[in-house]
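Following: one structure in structure tokens, then a few remarks.
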Amino acid sequence: MADETVRPYQFEVTTKNGVVTITGNIDSADAKDRALQLVKETKGVTEVVDMISVKTASAERNAPDPSRSLGERIDDATITMKVKSRLLDDPSVKGLKIDVDTRDGVVYLTGSVRSESEKDKAIELAKNTEGVRDVQANLTIKTS
């Protein structure tokens, strides 16, 4: 929480028997590296499962693409809104438990679902949304 590089709201952290799974979508490789370092240095952690995605669709994963126009950023916001609406409208998906982010038409899904079929449905809904080029799903299955 006190680290300046890492914002805790960008991650979901679960722990079982010393194994920490960290899931999320973040803006920089530096923040990802720092988050993993902090988890590994925590007393009692025996293993870290990294399910963090860096939110860039360009080959330069460490820097935002300066060539992106305002229109492209608005398009991404529109895609995010469309995907989120589809998730909320579908009765078989708990849309409130899934965070949606879009970068260059690539949709990042983060959160928890109740089953593999719910995860598959969420991915399918996102992929079949107009404007989506790809889907990166960091969805964990929680039975409770």
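The values are calculated or read from the model by the stated rules, or taken from the named source; none is laboratory data. Small disclaimer: the values here were computed from a predicted structure and weren't measured. With ideal geometry, Cβ positions are generated from the backbone for all residues, glycine too; neighbour counts draw on all protein chains shown.
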**Request:** From the list Ser92, Ser117, pick out the single residue that is more than 19 Å from the chain's Cα centre (by Cα) and either assigned to a helix (DSSP H, G or I) or modelled with pLDDT of 75 or more (or both).
**Result:** Ser92
**Prompt:** Of all residues in the stretch 1-50 being in a strand (DSSP E or B), of a type in the set (A, V, I, L, M, F, W, C) and at pLDDT 75 or above, which is farthest from Leu109 (Cα to Cα)?
**Reply:** Val19
**Message:** Looking at Val113, Val132 in this structure, which one is under 21 Å from Asp27 (Cα atoms), outside the structural domain of Ile22 (by TED's automatic domain parsing) and of a type outside the set (Ser, Thr, Tyr)?
**Reply:** Val132
**Asked** Which condition breaks for Leu125 when tested against (1) modelled with pLDDT under 90; (2) aliphatic (A, V, I, L, M); (3) out of contact with any strand residue (DSSP E or B) (no Cβ under 9 Å at 6 or more places or on another chain)?
**Response** (1)
